[in-house]
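Step one of this worksheet: look at the structure below.
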Amino acid sequence: MIHLTLIIVDFLTGLLAAGAWALASAGGAIAAVLGGGFMGLSLFRRWRRK
């Protein structure tokens, strides 16, 4: 019974860690896209002013 509990706890901990990692990497990708968009927009505005 103890072994089964440990396996379940280990599995849930692994899921939690994987979920946190996926969230962090997705957040990083979203931040990169937003940052690139803002940078492109500012460069486009500068280019239009010339």
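Brief remarks on what is shown
- For the chain, the equivalent ellipsoid built from the Cα gyration tensor has semi-axes of 48, 4, 4 Å, listed from largest to smallest.
- Its DSSP H runs of at least 4 residues, each contributing -39,500 (n - 2.57), put the calculated 222 nm mean residue ellipticity of the chain at -36000 deg cm²/dmol, to the nearest 500.
- Counting only alpha carbon atoms, the long axis of helix 2-49 and the longest principal axis of the chain meet at about 0°.
Here, each number is a calculation from the coordinates, and none is a lab measurement. Predicted model, so just to flag it, every value in this text is computed and none were measured.
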